[in-house]
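The values are calculated or read from the model by the stated rules, or taken from the named source; none is laboratory data. The model shown is predicted, which means the values in this text are computed figures rather than measured ones. In this analysis, Cβ positions are derived from the backbone assuming ideal geometry, glycine residues included, and neighbour counts consider all displayed protein chains. We work out accessible area using only protein heavy atoms, side chains counted, and drop any ligands, DNA or RNA first. Shrake-Rupley method; radii C 1.70, N 1.55, O 1.52, S 1.80 Å.
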Amino acid sequence: MEAVTDHTISALVEDKPGVLARVSGLFRRRGFNISNLSVGHSEVPNLSRMTFVVQGDEFVVEQVTKQLYKLIDVVRVNDITGDAKVARELALVKVKANADNRSEIMQLVDIFRANIVDVAADTVVIEVTGDEDKIDSLFRLLKPFGIKEVMRTGRIAMVRGPASTGGKPLTANVDDHNAPDVESVP
Amino acid sequence: MHLTGAQIVCESLMREGIEVMFGLPGGAILPLYQAMPEYPQLKHILVRHEQNAAHAADGYARASGKVGVCIATSGPGATNLVTGLATAMMDSIPVIAITGQVPRGAIGKDAFQETDITGITLPITKHNYLVMHTADLAGTIKEAFHIARTGRPGPVLIDIPRDVLTESADFVYPDNVTLKGYKPTMDGNGLQIKLAAKLIADAKRPLILAGHGVIIANAFDELRELAETAQVPVITTLLGISSFPEDHVLSMGMPGMHGMAYNNIAIDRSDLLIAVGMRFDDRVTGRLSTFAPHAKVIHIDVDPAEVGKSVHVTVPIVGDAKRVLHALANEVTPATRLEWLQEIDELRLEHPSDRLRESDKLLPQYVLKEISDVTNGNAIVVTGVGQHQMWAAQAYTFREPNSFITSGGLGTMGFEVPAAMGAQVARPDKTVWSIAGDGGFQMTMSELATIVEHQLPVKFALINNGYLGLVRQLQDLFEGGKRVSVEYSHNPDFVALAEAFGIRAFRVTEKGQMRGAILEAMAHEGPALIDFRVEPEENVYPHVPAGEGVTEMLEGPRPETEGAWKR
């Protein structure tokens, strides 16, 4: 038996009412374990891209892929776990901060290439993007100051290089130049 | 053409070749019904309960190979379709369900008779739609029929708000459907087919497991050609019954929980399973870890998600059963397999589960055997779910392609009455026998009225044992004889009941009366019912206990199990 690992799956779906319910309902009724799901518009009109993180072995991922394909609104499904990719989450975190420790917090924010997007008398709101680990470690460092609120998106991921995340590009005008690697933070 | 939504629905149905629909009107769907008189070519059969409309459309689809259509209003009308749609989904039946919905402005406001039927039916339809604009109706219906009947068929529901039916739009029926996310693979991969042929050539103990996909794909000749050319015995799953003539020398009958013992043993010994249009259901495999331990598997299925879902597959072939079997039959080398066929013959002698046990009593198996003999195995047999279903699968000799209609996947009791009605509508030329249990029959018998209204000459064989027989059997065999809620001690007088509906009815209490009653029922022009008061405590054998390997069978009555309930 293969070890259970996280798989990142990217799916291109028709932008129709109920598509999210169809996908999430499928995961629920087939007992697939999804730790993470995000959805938004893609480069093609009327198509959305979903990224989800599935827990399971190769067998589970194969079934997830095949069952997703059975949904009429699902156009393409790709397991991009093994691909070189850029994976990001966005988080907003509200931290207790006063005049005494605000500069200390700002230093941390700088190191993590995060931003302070709101400052009040005794709190700051920090916006940070990155992979799960990076966001987790920032949170760990911020914890002693007092975290009041956290909001995180799911993971979105894109394959590096000219290859398309959702399989072959569906339109010719997809801009597929090689994006620079900006991943260099702790 | 500028038409109302209701007219657009009717025009679209006609363009899809629909001749008959089963339904029951109500407020939200009313505009559609009011348009129907303009389209007399669309025959509407008014049922007594919407569940039966769905089952009738299902039976119609199975018997005809066409798409069945059912119609219900919003709210309770729509929810009553649910069991019928789930039945069709599990057995891959092309059914279109059209439901009325409250007007657009009232959706989401808990309006009278409002229910989220697209939400409810999400897991039990192949796809569903809520149509919010009259101009979208034609395209949606075109798409729905395409999805229902192609690839692995299935039910599709179209929910239409009342005001979408009354508003008007230009009507243009599209010629084509383009769906980015739906392109079923029909032709099998050539290389895989060659690999499969090689495996078949090398196999010493091959078996074909033929399922419903063979019937849906109309691949009877191709299956037979493959079996005969490569000399491979054919086992048919419950839904695969009548995909291969049962009087053929290579026909083996059913495997699995109540299958022939020799089949389960043959599968256990087999070195190659050629599975066609079947999905290794748990009733076929028993405990998966001990299923077919020596066999490689060729799995042919139009649904890629079925391949590798339950058993490990050596050569997967995704495609339409007819095309793949045709290609494979051309690719295999003709063979003789005397040793293997002889081994199977010996197994049949050692484990004669196809032999009826002898008794002076009216055993239920005898009824099925007698109907089989009288009809020469050429009737369309529709069953409910339970003991009578298993006896029909075991004791009736199916000679005619696509002549067994039963709820396999969902196991829906009560299916036998409305599905037989639908089958008879589809095939007025055939004798349709509804094999009913007294339990299921009472769930849906209200359709007897519809059957009489439309003069459908369905013949009902009520296998009446006064029990929910298969449940009683489970309690007797595996629960120490502790019987809980399985006896109907005050069943109605079914002969008087049938007569009240206007149906000719007979009662048979002895073995000797069987043939006469069956002949008389068949000679009668209209519908008829025979109340067979069968031996009430007869059990279905073989019986593989749930969760066991399929070779762990109870092959026949044992004193310690049979007498258990008697204390």
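A few points about this structure:
- Antiparallel DSSP beta bridges within chain B, as percent of all bridges there, nearest 5: 10
- Threshold 30 Å², the range B:115-147 residues less accessible with all protein chains present than alone (1.4 Å probe): B:122, B:123, B:127
- Interface B:A - total buried accessible surface [probe 1.4 Å, Å², rounded to 100]: 1500
- Farthest towards the positive end of the charge dipole of chain B, among the residues B:294, B:9, B:265, is the Cα of B:294, using unit charges on the Cβ of Lys, Arg, Asp and Glu.
- Heavy atoms of the protein chains alone define the surface here; on that basis the range B:421-567 has 44 Å² accessible area per residue at 1.4 Å probe size.
- Trypsin sites (Lys or Arg not before Pro) within the range B:79-127: DSSP coil, no more than 14 neighbouring Cβ in 10 Å: B:109
- Taking a ≥ b ≥ c as the square roots of the eigenvalues of the alpha-carbon gyration tensor, chain B is classed oblate because a/c is 1.5 or more while a/b is no larger than b/c.
- For the range B:180-207, residues shielded by at least 50 square angstrom of accessible area compared with the chain on its own, probe 1.4 Å: B:180, B:181
- Mean accessible surface per residue for the range A:5-79, computed with a 1.4 Å probe while every protein chain stays in place, in Å²: 41
- Where Cα atoms sit under 19 Å apart: lysine pairs in the range B:102-240 separated by 8 or more or lying on different chains: 6
- Per residue, the average separation of C-alpha pairs within less than 8 Å and at least 6 apart gives the range B:140-290 a relative contact order of 21 percent.
- Here residue B:551 and residue B:355 are evaluated by their C-beta separation; at R0 = 22 Å the FRET efficiency comes out at 0.70.
- Percent antiparallel among DSSP beta bridges (both partners in the protein assembly as shown, rounded to 5): 45
- The equivalent ellipsoid of the range A:1-66 has semi-axes of 23, 13, 9 Å, largest first, where each one is the square root of 5 times an eigenvalue of the Cα gyration tensor.
- Between the range B:332-404 and the range B:148-164, the alpha-carbon center distance in angstrom: 37
- A loss of 30 Å² or more of accessible area (1.4 Å probe, protein heavy atoms, ligands and nucleic acids excluded) relative to the isolated chain is seen in these residues of the range A:38-77: A:59, A:63, A:66, A:70, A:72, A:75.
- With both labels modelled 7 Å from their Cα along Cα-to-Cβ, the residue B:499 to residue A:87 distance reads 7.5 nm.
- Between the beta carbons of residue A:113 and residue B:34, assuming R0 = 60 Å, the FRET efficiency works out to 0.35 to the nearest 0.05.
- Put a plus charge on the Cβ of each Lys and Arg, a minus charge on the Cβ of each Asp and Glu, and nothing anywhere else: the dipole of the range B:464-559 about its Cα centre is then about 120 debye.
- Expressed as a fraction of 2.2 N^0.38 Å, the C-alpha radius of gyration for chain A is 1.18.
- Straight-distance crosslink candidates among lysines, where the alpha carbon sits under 20 Å from residue A:96 and sequence neighbours closer than 8 are dropped: A:143, A:148
- For the range B:197-253 versus the range B:1-20, the gap between their alpha-carbon centres in whole angstrom: 41
- One Cα centroid belongs to the range B:93-137, the other to the range B:23-44; the line between them spans 17 Å.
- Probing with 1.4 Å while keeping every protein chain in the model, the per residue accessible area of the range A:86-152 equals 58 Å².
- Start at zero, step by 10 Å, and the Cα-Cα distances of the range B:368-423 spread as 26, 57, 17, 0 percent across the bins.
- Scoring B:285-296, B:230-241 by mean Cβ neighbours within 10 Å over their residues and listing the highest first yields B:230-241, B:285-296.
- The accessible surface of the protein assembly as shown, taken with every protein chain in place and a 1.4 Å probe, is 51 percent carbon and sulfur.
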